[in-house]
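Read the structure below first, then the notes.
The values are calculated or read from the model by the stated rules, or taken from the named source; none is laboratory data. Fair warning: this is a prediction, and the values are worked out from it, not measured in the lab. When we count neighbours, we look across all protein chains shown, and the Cβ atoms used for this are built from the backbone with ideal geometry, even at glycine.
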Amino acid sequence: MVSETKSCQNCKQDFVIEPEDFGFYEKIKVPPPTWCPDCRQRRRYAWRNERTLYRRSCDFCKKNIISIYSQNKPFTVYCTECWWSDKWDPSGFERDFDFSRGFFEQFRELQLAVPRIALMNKNNVNSEYTHHSSNNKNCYFSFSLFESEDIQYSTNVYLGGKDCVDCYHIEGGNNLLYECVDTSNSYRCQFGIILRDCNECLYSYDCRGCTNCFLSTNLRNKSYYIENKPYSKEEYFKKLAEYKLDSHFGREQAFSRFQGILKQQAIHRFAFIEKSNDVSGNIIFNSKNSHFVFDAYDTEDSKYSMVCPDMKDSMDSYHVGFKCELDYETHALIRCYDTQFTHLSYDNSHLSYCDSCHNSENLFGCVGLKSSKYSIFNKKLNTDEFKLLKDRIITHMKETGEYGEFFPRELSPFGYNETQGQIYMPFESREEALKNGWKWEDEAVTGTFGKETLKPEEVPDLIDNVEDSILNEVLVCISCNRNYRIVNNELNFYRRGKIPIPRACPECRYKTRLSFRPPRKLWHRKCMCNTTDDQQLMTNDKYKNTAQHFHSESPCPNEFETSYAPERPEIVYCEQCYNAEVV
């Protein structure tokens, strides 16, 4: 079998299907895709409303709730408690398949009939304001988090995070972190990016096994460093006190300096890939034989997937993991096996074309089922009936050209601007999105404006001067003018960490964190070590190596695929040069 070049039915660009891809499609008995990898990812993005939240009423108990569905959506929406309860039965919406009509037309009718969960959380305690989450305790306004406790305003928190605020992608036993990104097994760190096993490191990048380091980068097993210079313990704390980090002004100065260091001094490895073999992408750990994957660990034999921890033998998946295997064209799956073309479903096996089904097996074309077996369009069948009808429907879908792809964009419950699509693959305007066939939600701007009772300049500069009365105030974001509040647990965290009150709203803080991460895309580049590029030398003076490199004083000849676009300002090294400088 050889590779094959196809033209994407959506963007009309050519893309290649490799021989191993054909092998996977044959294994799960699906036809090859007709959309290119980027367009397939955009289609999955359009199903993930992660953080655009609305006030509305639960259509069952009538109480006021927070939901990912605006009041104008054509769905019945239940609060989390009502949706998981036994007070209603999703199989009550069963229907027969009509072979005179298309599959997706009938599936859309089922989507509109079955109640949807306001926020997807499962087995949580005191964590109502979380979405895409399970097995958490005392978490607030956080998204995609699992087995964590006391987490606030954070995203992608996995397996043991505790008492952290404003973080993105932290894994393992992290405790008391603030504004940290891509960090694991660290304690009392603030404004850290790619920290491993660090304690009390502040405004630092790519450090491992470090303690009490400030404004430092690329350090290993160091203590009491400021801007990569060593100090005695006494000198370190004396120098650190000069930055006045308990004040908002001091923090602004430190943050500005940190941004400059990241662009002009830090060495950026072309990709963070560790303990892995035969992989490509970025932020990959303990993985093998996986390509074009991002935010992956314990991932094997997979391709074209993003945010995929503990996933095996799968392709084209987004936010799928924790014991997932043999999945294809899926979004938001946890602990699922042999699942294709399915959205937002936990703890299942052998599902196809399902939406929001849980603890089930052998479902086809179902919506909202819980603890069910052998069902098609929510109708329970015996084993033989299920197999015969499923095969007939698949044959029918192949004849209508509907089988073998993820749900059409028209079936997404959301406007594109409500989803992660507008974060990672944005359209410039509503008109552009509609022209390209995507939906748009005109009411997507949530929150209040102009209701502030305390202006930014009126917020005390020092956290020690902030009184409990701030909990009753309405603040205004200095970036987007959206109103926001400080909650009690948040204030306690700031006081313990000597952190001044943030002047930006949670959404703008989230976007700032994302700006520190390169995009989920690859470019072909050369190593910048000892570069002879005049423009790069003009803007940066740290391209000359400080250690012995295999290429001596000549420019490094190595090339690679990286998430750092050529026009970005960072210093990007190949693995060999990076290790020579950092290890």
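Looking only at the range 447-458, count every residue that is surrounded by 15 or more Cβ atoms within 10 Å (Cβ to Cβ) and among the hydroxyl-bearing types (Ser, Thr, Tyr) and tell me the total.
Selection size over the range 447-458: 0.
Of the numbered conditions (1) buried (at least 16 other Cβ atoms within 10 Å of the Cβ); (2) among the polar types (S, T, N, Q); (3) at pLDDT below 95, Asn436 fails exactly one; give the number of that condition.
Of the numbered conditions (1) buried (at least 16 other Cβ atoms within 10 Å of the Cβ); (2) among the polar types (S, T, N, Q); (3) at pLDDT below 95, the odd one out for Asn436 is (1).
Name every residue in the range 99-115 that is over 24 Å from Ser57 (Cβ atoms), in contact with a helix residue (DSSP H, G or I) (Cβ under 6 Å, 6 or more places away or on another chain) and assigned to a loop (DSSP other than H, G, I, E, B), in order of residue number.
Phe99, Gly102
Please give the strands (runs of 3 or more DSSP E) falling wholly within the range 212-302 in which 3 or more residues are in contact with a Pro (Cβ under 8 Å, 6 or more places away or on another chain) and crowded, with 16+ Cβ neighbours inside 10 Å.
In the range 212-302, 288-297 are the strands (runs of 3 or more DSSP E) which contain 3 or more residues that are in contact with a Pro (Cβ under 8 Å, 6 or more places away or on another chain) and crowded, with 16+ Cβ neighbours inside 10 Å.
Which number in (1) in a strand (DSSP E or B); (2) out of contact with any strand residue (DSSP E or B) (no Cβ under 8 Å at 6 or more places or on another chain) marks the one condition that Asp182 misses?
(2)
Looking at the range 526-583, which of the residues that are assigned to a loop (DSSP other than H, G, I, E, B) and of a type in the set (Phe, Trp, Tyr) is modelled with the highest pLDDT?
The extreme case among them is Tyr564.
Mind listing whichever residues of the range 37-82 are surrounded by fewer than 21 Cβ atoms within 10 Å (Cβ to Cβ), within 25 Å of the chain's Cα centre (by Cα) and more than 20 Å from Ser144 (Cβ to Cβ)?
Pro37, Asp38, Cys39, Arg55, Lys73
Could you check how many residues of the range 369-383 are in a loop (DSSP other than H, G, I, E, B), out of contact with any Cys (no Cβ under 7 Å at 6 or more places or on another chain) and either crowded, with 23+ Cβ neighbours inside 10 Å or in contact (Cβ under 8 Å) with a residue 60 or more places away in the chain (or both)?
Final tally of qualifying residues: 1.
Among (1) surrounded by fewer than 12 Cβ atoms within 10 Å (Cβ to Cβ); (2) of a type in the set (Asp, Glu); (3) under 21 Å from Phe191 (Cα atoms), there is one condition Asp461 misses while meeting the rest; what is its number?
(1)
Would you confirm whether any residue within the range 488-502 is closer than 30 Å to Thr562 by Cβ, at pLDDT 95 or above and not aromatic (Phe, Trp, Tyr)?
No, the range 488-502 contains no residue that is closer than 30 Å to Thr562 by Cβ, at pLDDT 95 or above and not aromatic (Phe, Trp, Tyr).
Kindly check whether there is at least one residue in the range 409-418 that is part of a loop (DSSP other than H, G, I, E, B), loosely packed, with under 14 Cβ neighbours inside 10 Å, acidic (Asp, Glu) and under 24 Å from the mean Cα position of the chain (by Cα).
The answer is no; no qualifying residue exists.
Would you pick out the residues in the range 6-33 that are loosely packed, with under 13 Cβ neighbours inside 10 Å and closer than 14 Å to Tyr304 by Cβ?
Val16
Being without any contact (Cβ under 8 Å) to a residue 24 or more places away in the chain and of a type in the set (Val, Ile, Thr) is true for just one of Val307, Val279. Which residue is that?
Val279
Would you confirm, using the coordinates I've provided, whether Glu105 is surrounded by fewer than 17 Cβ atoms within 10 Å (Cβ to Cβ), under 23 Å from Ser371 (Cα atoms) and of a type in the set (D, E, K, R)?
Criteria not met by Glu105.
Can you tell me which residue within the range 116-155, out of those that are aromatic (Phe, Trp, Tyr) and not in a strand (DSSP E or B), is farthest from Glu507 (Cα to Cα)?
Among those that are aromatic (Phe, Trp, Tyr) and not in a strand (DSSP E or B), it is Tyr129.
Under 7 Å between Cβ atoms, which residue pairs at least 6 apart in sequence (or on different chains) link something in the range 208-225 that is more than 14 Å from Phe191 (Cβ to Cβ) with a partner that is in a strand (DSSP E or B) and among the aromatic types (Phe, Trp, Tyr)?
From the range 208-225, the pairs are Asn212/Tyr224; Leu219/Tyr225.
When the residues of the range 395-407 are filtered to those that are surrounded by fewer than 19 Cβ atoms within 10 Å (Cβ to Cβ) and not charged (D, E, K, R), which remaining residue is nearest to Met120 (Cα to Cα)?
Once the filter is applied, the top-ranked residue is Tyr403.
Quick check on this structure: which one of Cys189, Cys164 is surrounded by 23 or more Cβ atoms within 10 Å (Cβ to Cβ), touching a residue at least 12 places away in the same chain (Cβ under 8 Å) and more than 25 Å from Val320 (Cα to Cα)?
Only one candidate passes the filter, namely Cys189.
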